[in-house]
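Comments concern the structure below.
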Amino acid sequence: MSALLPGIPPAPQTQAEPFATPELSPEEKASALALLNEKYVIGCQKCPLAGTRRNTVFGEGDPNARLMFVGEGPGFTEDQTGRPFVGRAGQKLDEMIRAMGYARELVYICNVVKCRAFIVAGGKDRPPSPDEVSACMPYLERQIEIVRPRVMVTLGLSASLNLLGVKESMSRLRGNWRMWRGIPVMPTFHPSYILRNYTTETRRAVWDDLKQAKARLETPSPG
């Protein structure tokens with residue numbers, strides 16, 4: 001919870017509650033994100049991933065974005081550059097965003113964990129551990145609280161389970177709306193999964209999910 005970060009207002013205690021803090025202006029959002037990154041994330045030592053990273057990968061995009069994508073964590077290329085989704089999976093995500101009719105710079109992209117989780121012997125990426133997720137979750141919660149997107153899309157099983165706090169299969173999650181503190185969440189496949197399973201069925205499923213997200217974004221807000 002953001003209460004773990006000194007000087008940052010606490011987020012609500014349950015995923016069902018809306019945010020207790022008022023929404024910031026676009027300029028205030030940009031400043032708040034920069035402060036969160038510079039004061040807390042860049043120098044974070046809360047878990048062992050700090051000892052193996054090259055860079056923290058905070059997130060990027062429009063601080064006032066209506067659409068946010070949340071992935072599992074950075075890979076090799078992201079660790080090298082300090083930017084989210086810039087490798088092959090990132091190129092596929094860019095395609096997905098363009099297919100929705102949006103530009104990458106007008107959405108917000110981040111991950112559950114801000115440091116690369118990998119097996120040191122061999123360098124293969126791995127899912128972050130529960131302790132690693134727990135250490136990083138206050139940062140993600142605060143990012144969401146600041147940006148206050150209208151819709152979130154979680155990419156892959158790990159990101160979906162960790163953000164939503166559920167234990168379900170991807171087949172049950174994807175394509176079905178969930179709520180996180182008043183924000184609709186659409187779980188879908190991770191771009192790397194799409195690359196590994198480049199079938200008509202997979203692509204159709206992802207496109208169906210993205211169309212649902214786009215339709216929700218383009219539905220006028222009540223009031």
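The values are calculated or read from the model by the stated rules, or taken from the named source; none is laboratory data. Keep in mind that what you see is a predicted model, and the values were worked out from it rather than measured. Glycine also receives a Cβ, built like all others from the backbone with ideal geometry; neighbour counts cover every protein chain displayed.
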Residue count, region 105-140 (criterion: closer than 19 Å to G61 by Cβ and aliphatic (A, V, I, L, M)): 6
Could you check, for region 94-112, whether at least one of its residues is at pLDDT 95 or above, among the acidic types (D, E), surrounded by 15 or more Cβ atoms within 10 Å (Cβ to Cβ) and farther than 30 Å from R204 by Cβ? no
Has region 66-78 got any residue that is under 22 Å from D125 (Cβ atoms) and of a type in the set (D, E, K, R)? yes
Looking only at region 105-151, count every residue that is among the charged types (D, E, K, R) and either in a loop (DSSP other than H, G, I, E, B) or touching a strand residue (DSSP E or B) at 6+ places or on another chain (Cβ under 7 Å) (or both) and tell me the total. 8
I'd like the full set of residues that are in contact with a strand residue (DSSP E or B) (Cβ under 9 Å, 6 or more places away or on another chain) and either among the small types (G, A, S) or part of a loop (DSSP other than H, G, I, E, B) (or both), limited to region 36-62. T52, V57, F58, G59, G61, D62
Top-ranked residue in region 152-180 [being part of a loop (DSSP other than H, G, I, E, B) and either of a type in the set (S, T, N, Q) or in contact (Cβ under 8 Å) with a residue 40 or more places away in the chain (or both); ranked as surrounded by the most Cβ atoms within 10 Å (Cβ to Cβ)]: G156
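Give the residue, chosen from S129, S158, that is among the polar types (S, T, N, Q), within 12 Å of the chain's Cα centre (by Cα) and over 25 Å from K29 (Cβ atoms).
S158
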Sort out which residues of region 181-223 are surrounded by 15 or more Cβ atoms within 10 Å (Cβ to Cβ), closer than 23 Å to F19 by Cβ and without any contact (Cβ under 8 Å) to a residue 60 or more places away in the chain, and write them in order of number. I183, P184, V185, M186, P187
In region 24-65, residues that are within 19 Å of the chain's Cα centre (by Cα) and surrounded by fewer than 13 Cβ atoms within 10 Å (Cβ to Cβ) total 2
In region 22-36, anything of a type in the set (D, E) and touching a residue at least 40 places away in the same chain (Cβ under 8 Å) is listed as E23
Inside region 113-124, can you point out the residues that are surrounded by fewer than 16 Cβ atoms within 10 Å (Cβ to Cβ) and under 17 Å from T81 (Cα atoms)? G123
